[in-house]
Amino acid sequence: MIKRTDKWTVIRNFAMTGVQDAGRIALLGFLAGRLDRISFVRSLEYSKVGVRMSTKRFGLWPRISYMGFIHDVQLPDPFLFIAGWRTVMR
């Protein structure tokens, strides 16, 4: 079991590396406020709710810096993911 302080450290370090855009920072802040409800996993294969983010600033096109889904519905924007989470995870 990962401690709350370790989760906070991961999110903080992730925010400092990678692309600095409003959606990404909002999502990381949103997740930081829910440390007890999030888990870091290697694969999202069996997850009903998940987010995949990349720290790569540059890369070959297309660069996917964010991908989120809730119950097999792709949410292409971090703000949509936040809104969906608030609706589904009450």
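At-a-glance table
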| item | result |
| --- | --- |
| Every residue from segment 72-83 that is open to solvent by less than 100 Å² (accessible area, probe 1.4 Å) and more than 15 Å from ILE38 (Cα to Cα) | VAL73, LEU75, ASP77, PRO78, LEU80, ALA83 |
| Subset of segment 2-42 (residues that are at pLDDT below 90 and small (Gly, Ala, Ser)) | ALA15, GLY18, ALA22, GLY23 |
| Count - residues of segment 35-57 that are open to solvent by 70 Å² or more (accessible area, probe 1.4 Å) and not aliphatic (A, V, I, L, M) | 11 |
| Members of segment 11-31 found to be in a helix (DSSP H, G or I), among the aliphatic types (A, V, I, L, M) and open to solvent by 20 Å² or more (accessible area, probe 1.4 Å), listed by number | ALA15, MET16, ALA22, ILE25, ALA26, LEU31 |
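The values are calculated or read from the model by the stated rules, or taken from the named source; none is laboratory data. Model, not experiment: these values are computed from the prediction. Accessible surface areas use protein heavy atoms only, side chains included; no ligands, DNA or RNA. Shrake-Rupley method; radii C 1.70, N 1.55, O 1.52, S 1.80 Å.
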